[in-house]
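Taking it in order: structure first as structure tokens, then the write-up.
Please treat every number below as a calculation from the coordinates, not as lab data. Just so you know, these numbers come straight off a predicted model, no measurement behind them. Backbone-built Cβ (ideal geometry, glycine too); neighbour counts: all protein chains shown.
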Amino acid sequence: MSPLRMIYLALAIWGAVHPMYYFVQWFGENGFDLGAMAAAWNVNAATSGLVWDLTIAAITLTVFILAEVAVRRNWIALIAIPATFCIGVSCGLPLYLFLRTRPVV
């Protein structure tokens, strides 16, 4: 595996684990209430802006993945879409880059 692919994989793992630490901590304090979490994301203009920024980035990444998969036929790369929306762009983007840069056989 190339050093670049190892970096992408490490970033994908970090992008999954680090945000989950905060989500699990929040759920521990507030219970598993997705509605309350979504309300917390919009508590002020700064957090609302960040939510919209990440939402637009996630949608853009999804469109890019779908377009690339249609051309490259790298079907396994579709896994990055649920990773993006279930975990976050911090996991989905480096995971997609990791999957995209695998050697073509």
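Among R100, R73, rank each residue by its count of other Cβ atoms within 10 Å, from fewest to most, as a rough exposure measure. Let's see the in-between values first.
Numbers: R100 17, R73 8.
Going from sparsest to densest Cβ surroundings: R73, R100.
Taking 0.36 nm per residue of sequence separation and removing the Cα-Cα distance, the I56/M37 pair yields an extension gain of 5.0 nm. Among complete DSSP H helices in the chain, those whose alpha-carbon atoms stretch at least 18 Å along the helix's long axis and whose mean Kyte-Doolittle hydropathy reaches 1.0 are 45-72.
About the centre of its Cα atoms, the stretch 3-100 shows a dipole size close to 500 debye [charges on the beta carbon of Lys, Arg (+1) and Asp, Glu (-1) only; nearest 20 debye].
What Kirkwood hydrodynamic radius, in Å, does the chain give when the mean of 1/r is taken over all pairs of distinct Cα atoms and then inverted? All intermediate terms of the calculation are to be shown ahead of the outcome.
On the way: mean 1/r = 0.0669 Å⁻¹.
About 14.9 Å, per the Kirkwood formula over Cα pairs.
Each label was represented as a point 7 Å from its Cα along the Cα-to-Cβ direction; for F64 and H18 these points are 1.8 nm apart.
The residue list G31, N42, M6 was ranked by how far each Cα lies along the charge dipole of the chain toward its positive end, using unit charges on Cβ atoms, and M6 comes out on top. Per-peptide packing, taken as the mean over residues of other Cβ atoms within 10 Å, places 84-97, 56-69 in the sequence 84-97, 56-69 from highest down.
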